[in-house]
1. Could you give the length gained on full extension between residue 73 and residue 226, defined as 0.36 nm per residue of separation minus the Cα-Cα distance, in nm?
2. Between residue 181 and residue 89, what is the spin-label point distance in nm, taking each point 7 Å from the Cα along the Cα→C-beta axis?
3. Can you list the lysines whose alpha carbon is less than 22 Å from that of residue 181, not counting same-chain residues fewer than 8 positions off?
4. Enter the Cα centre distance for the pair the stretch 33-73 and the stretch 224-240, rounded to the nearest angstrom.
5. Mind checking the full-extension length gain between residue 142 and residue 194? Use 0.36 nm per residue of separation minus the Cα-Cα distance, one decimal, nm.
6. Subtract the Cα-Cα distance of residue 62 and residue 13 from 0.36 nm times their separation in residues, and report this length gain in nm to one decimal.
7. Could the peptides 116-125, 17-26 be put in order, highest first, of the mean number of other beta-carbon atoms found within 10 Å of their residues?
8. Say R0 is 22 Å: what FRET efficiency, to the nearest 0.05, do residue 135 and residue 110 get from their beta-carbon distance?
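Where a number appears in this text, it was derived from the coordinates with a stated rule and is not lab data. Since this is a predicted model, take the numbers as computed values, not measurements. Quick reminder, even Gly has a Cβ in these numbers, built from the backbone with ideal geometry, and neighbours come from all protein chains shown.
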Amino acid sequence: MTRRPLIAGNWKLQNGLDASTSLARAVAAGIDASTKPEVVIAPVFTALASVATVLRELEGKTVGLAAQDLHWEDKGAFTGEVSAPLLTDVGCTHVIVGHSERRQLFGDTDERVRRKVEAALRGVLTPIACVGETLEEREAGLTLEVVLRQLDAIATNLHDVSRIVLAYEPVWAIGTGRVAKAEDAQDVHHAIRNRVRELAGDAVAEGMRILYGGSVKADNAAGLLSQPDIDGALVGGASLDASQFLAIVAAA
Ligand code: PEP
């Protein structure tokens, strides 16, 4: 089966309104109907509505809009939180869930990540669900154990596994300039796909897009994206520069 690659830019807590709308315009300018991968950008919450307007006004530009997180409940007494229906309302198509910064700094456990993925699916958003090991876990030889445990937590008993996108993001490679060797990343992606096969069957496993994330740049993207089980990239730092990001899109 051929899987359409997906390149997603995680803008983190970097750009305000003006910078986000300008960057969205610059990215969209490089995308047209012939662009092979699906392209998604994830600005800060406060810029989502404005970026959605920019993307809507650019006819023929099909850039998806992602939030960087969401709450697992749709509504209620959850001060400061944002829910799937609100993200859909504002024009989001995707949401990043379980990013390692959320897991490490904001207490997102496997169970919370699972609930957030369910909430995204209920809200008709495509979750980009992240898994990945820390450096200590890697050095202890625990990469697959950790990654597959995180995957099991997300995908077991999920009502529609086929609607998720997975992202393998080794924590030691995020924002560090240390990129995983393409063959090593491929091995982990292959193991992830095999586990999806066990959990949800052949068709879902073959259709599942598994992105790599961690210091992807214009000059290393082609090597990673040429691996058979790497179906795209979740890009942090390099997504803040339209020309770098578009070069990664072109490599897919
Ligand atoms: C990320 O934040 O998901 C990420 C992969 O960051 P970077 O590309 O900067 O390593």
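1. Values: separation 153, 0.36 × 153 = 55.08 nm, distance 3.83 nm.
Computed gain between residue 73 and residue 226 is 51.3 nm.
2. Label at residue 181, label at residue 89, 5.0 nm between them.
3. Output for residue 181: 217.
4. A separation of 18 Å, based on Cα centres.
5. Working: separation 52, 0.36 × 52 = 18.72 nm, distance 1.74 nm.
Gain in length upon complete extension: 17.0 nm.
6. Values: separation 49, 0.36 × 49 = 17.64 nm, distance 2.37 nm.
The span from residue 62 to residue 13 would gain 15.3 nm if fully extended.
7. Numbers: 116-125: 20.9, 17-26: 17.2.
Output ranking for 116-125, 17-26: 116-125, 17-26.
8. Working: r = 19 Å, r/R0 = 0.88.
With a Förster radius of 22 Å, E is 0.70.
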